[in-house]
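The values are calculated or read from the model by the stated rules, or taken from the named source; none is laboratory data. Small disclaimer: the values here were computed from a predicted structure and weren't measured. Positions of Cβ are generated from backbone atoms using ideal geometry, with glycine treated the same way; all protein chains shown enter the neighbour counts. Areas reflect the complete protein model, heavy atoms only, side chains present, ligands, DNA and RNA absent. Shrake-Rupley method; radii C 1.70, N 1.55, O 1.52, S 1.80 Å.
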Amino acid sequence: MTIEVSELSKAFVTGRKARRKTVDAVRDISFSVAAGERVAFIGPNGAGKSTSIKMLTGILHPSAGTISVLGLVPWQQRRQLAMRIGTLFGQRSQLWFELTPRQSFRMLGAIFGLSDQHLVRRVDELGELLDAGHLWDTPVRSQSLGQRMRCELAACMLHEPEILFLDEPTIGLDLLGKQLFRDLIVRLNQQRNTTIFLTSHDVADIESVAERVIVINHGEVIYDDSVEAMRRSLFATKYVDVGLAHPAEAPSLVGVTIAQHSPTMLRLVVDTEAQSIGTVVNAVLSSLPVADLSIADPPLESVIASIYSTARTP
Amino acid sequence: MNLRILRTAFGTATRRALREPGSFFVATGFYVAVVAMVGTLWRVAAASHHGTLAGYTAVGLFWYIAASESATMAISLRLVEEIGDDIVSGAIAVEMLRPVSVVAVRIAAEFGRAVPKLISCILAGTAVSLVVVGPPRNVGAALLSAISLVLAILCNIAAQHAFAGIAFWIRDARSTWFLYQKFVFVLGGMLLPIQILPTALEQIARALPFTAMAYAPARLAAGFFEPELLLVQSAWLVVLIGVAAATFQAGERRLQVVGG
């Protein structure tokens, strides 16, 4: 396994003297990640995602538990590990704003021990891979956020890391920029077999990039499965959207709730374990003036929200 | 830690500093104004004491101020605060993700950032001093002062890292910056030669590292040929780098960064 986490906990001490209290940011989490996997590590604000990433990369020392990343103990072998991983924090830059990316790469190349020839070759390669070679000589502060994020990605890929830790990498990007960035991450994974460990609040990041989702809330892992399984297992629900030719009463059926009802539109939420979709569709067609009808899965966003809220309820 | 990394950190920071010509010229202008003002005050003070004050001539005192101000103004005036803020905000985490010593790269980079300012301060200070009081009393000592300025700046940067490292524990470096600045101003001999202080305070100042950051190059520039001051500075530099490295190493284990 590339990453192995076992019973990991992190507690922060806040306040002074009498007001001192301990906050459990991460509680007893365990999971493992295989080489080449694309994993989304998600959760609401304050769930413990960033704290976990910082422990995985060796910045923070855990309060309890064990971590092995590429066979190394991150907080004890942080510098050796740094040679083999890449990290991108969407809210923190590793490029120098006054300089061009190429000048920053020279500094990072020296830090990661790349020879001058190797560095030139690598920068050219990344320029091609990320379609960003034309940005290398423009000062970072003159670049748009989307352009800068491509340069940030190049910076953390310079030393050919085996794992990429991406913490909110698309934050602040526009729709097009986000899509381009997601495509780049998937391409890196497919061409280099780079393991991707991603945190994001953007469901589209998870859908486009990840194969597997680990959900953390209140410092605990509450879900760990493939994106597809997440859809299937949690989708005992279907949406039936009915366009109405003229206003009509909705039928009353067991396992069916009305989510929306207007003179021209009706949305039914069907619990497929209590009622079959066929029965609902037949009832709708026989009792309503149907102008249009469609059946859909709920968006992944609703599923994730339902996981979060389920975990919040004791 | 290989030299290539430190050299590159130094060069990168120098390039960054040169990309900000505006602030560079403002800082030099400010330096010239301070030297002219404080230097003139000390000249007047010496003149009212029959031309010498604690062994310093009026000419020597002007050169003293030109050097002591160069030593302190070439580096960021609020470096302790800047480092402390990086620790408290968690910005330092990005640097901890690199396979090198955070403190070594930071010292090299800060030195790179200071060198263009130092050169401009030396040139401007020399020009102002030549115009106002004429050449230095001892040219050999003045040349040694240039080397001493480099050591002074390195000592100051290392000490500021050691001081700022306290932010790993108390999560605030602003109070330490205030204290540090006053130590350099008075006990470090930036505003006045330490010989002017009461004897007990002078002895305390001599035992502390702050004299390596302003007094040593200033004393040489004032015309006192005392090469042993360079040895004292070198010794303090080793100690201060060691303390800064130890503070960061211990502090990194205590880093508390919550959120992204």
Study note, to complete from the structure: Per residue of A:108-114, other chain Cβ atoms within 10 Å number on average 5
Check your understanding: From the residues B:Ala58, B:Val94, B:Cys155, which one has its Cα farthest along the dipole of segment B:18-170 in the positive direction, the dipole being from +1 and -1 charges on Cβ of Lys/Arg and Asp/Glu about the Cα centre?
Key -> B:Ala58
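Magnitude of the Cβ-charge dipole of the protein assembly as shown, K/R +1 and D/E -1, about the Cα centre, nearest 20 debye?
Numbers: 50 positive and 47 negative charges, 451 e Å.
Roughly 2160 debye, rounded to the nearest 20.
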Practice item. Enter the accessible area of A:His218 (Å², nearest 10), with the probe set to 1.4 Å and all protein chains included. Key: 90
Practice item. Rounded to the nearest 0.05, what FRET efficiency do B:Ile119 and A:His61 give with R0 = 56 Å and r taken as the Cβ-Cβ distance? Could you check? Key: 0.85
Check your understanding: Could you give the Stokes-Einstein D for segment A:230-314 in µm² per second, using the C-alpha Kirkwood radius, 20 °C, 1.002 mPa s?
Key -> 157
Revision key, fill the gap. Nearest 10, in degrees from 0 to 90: the angle of helix A:116-129 to the longest Cα principal axis of chain A is 20
Practice item. Set Lys and Arg Cβ to +1 and Asp and Glu Cβ to -1, take the dipole of the protein assembly as shown about its Cα centre, and tell me which of B:Ser70, A:Leu129, A:Leu88 lies farthest positive. Key: B:Ser70
Review point. B plus A alone minus the pair: what accessible area, both sides summed, probe 1.4 Å, in Å² to 100?
Key: 3200
Check your understanding: Heavy-atom accessible area of A:Thr272 with all protein chains present, probe 1.4 Å, nearest 10 Å²?
Key -> 50
Practice item. With everything on Cα atoms, drop me the angle between helix B:228-252 and the longest principal axis of chain B, reported from 0 to 90° to the nearest 10. Key: 20
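Would you tell me the mean number of C-beta atoms belonging to other protein chains that fall within 10 Å of each C-beta in A:85-96, as a whole number? Show your work: numbers first, answer last.
Values: counts 1, 1, 5, 2, 6, 1, 4, 8, 2, 4, 0, 6.
Averaged over the peptide's residues, the number is 3.
Run the numbers on chain A and let me know its relative contact order in percent, using alpha-carbon pairs under 8 Å that are six or more apart.
Values: 576 pairs, mean separation 57.7, N = 314.
Normalised by residue count, the contact order of chain A is 18 percent.
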Review point. What does the helix-only formula give at 222 nm for the protein assembly as shown: each DSSP H stretch with n ≥ 4 adding -39500 (n - 2.57), the total divided by the residues, and the result rounded to the nearest 500 deg cm²/dmol?
Key: -16500 deg cm²/dmol
Review point. Given charges of +1 on the Cβ of Lys and Arg and -1 on the Cβ of Asp and Glu, with all other atoms neutral, how large is the dipole of chain B about its Cα centre, in debye to the nearest 20?
Key: 360
Check your understanding: By how many degrees, between 0 and 90 and to the nearest 10, does the Cα long axis of helix A:101-111 differ from the longest principal axis of chain A?
Key -> 60
Practice item. Have a look at the DSSP beta bridges in chain A and tell me what percent are antiparallel, nearest 5. Key: 70
Exercise for review: Over the whole of B:4-16, what's the average partner chain Cβ count within 10 Å per residue? Rounded to a whole number, please.
Suggested key: 4
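Report the calculated FRET efficiency for A:Val23 and A:Thr237 (r = Cβ-Cβ distance, R0 = 30 Å), to the nearest 0.05.
On the way: r = 35 Å, r/R0 = 1.17.
For R0 = 30 Å, the calculated efficiency reads 0.30.
Roughly what % antiparallel, to the nearest 5, for the DSSP beta bridges in the protein assembly as shown? Please list the in-between numbers first.
Values: 41 of 58 bridges.
In the protein assembly as shown, DSSP labels about 70 percent of beta bridges as antiparallel.
With +1 on the Cβ of every Lys and Arg and -1 on the Cβ of every Asp and Glu, and nothing else charged, how large is the dipole of chain A about its Cα centre, in debye rounded to the nearest 20? Let's see the in-between values first.
On the way: 31 positive and 34 negative charges, 311 e Å.
Value, rounded to 20: 1500 debye.
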**Study point:** Cα lying deepest toward the dipole's positive end in segment A:220-262, options A:Leu253, A:Tyr239, A:Val227, charges on Cβ
**Key:** A:Leu253
Study note, to complete from the structure: From most to least accessible, 1.4 Å probe, no ligand or DNA/RNA atoms counted, A:Phe97, A:Phe12 line up as A:Phe97, A:Phe12
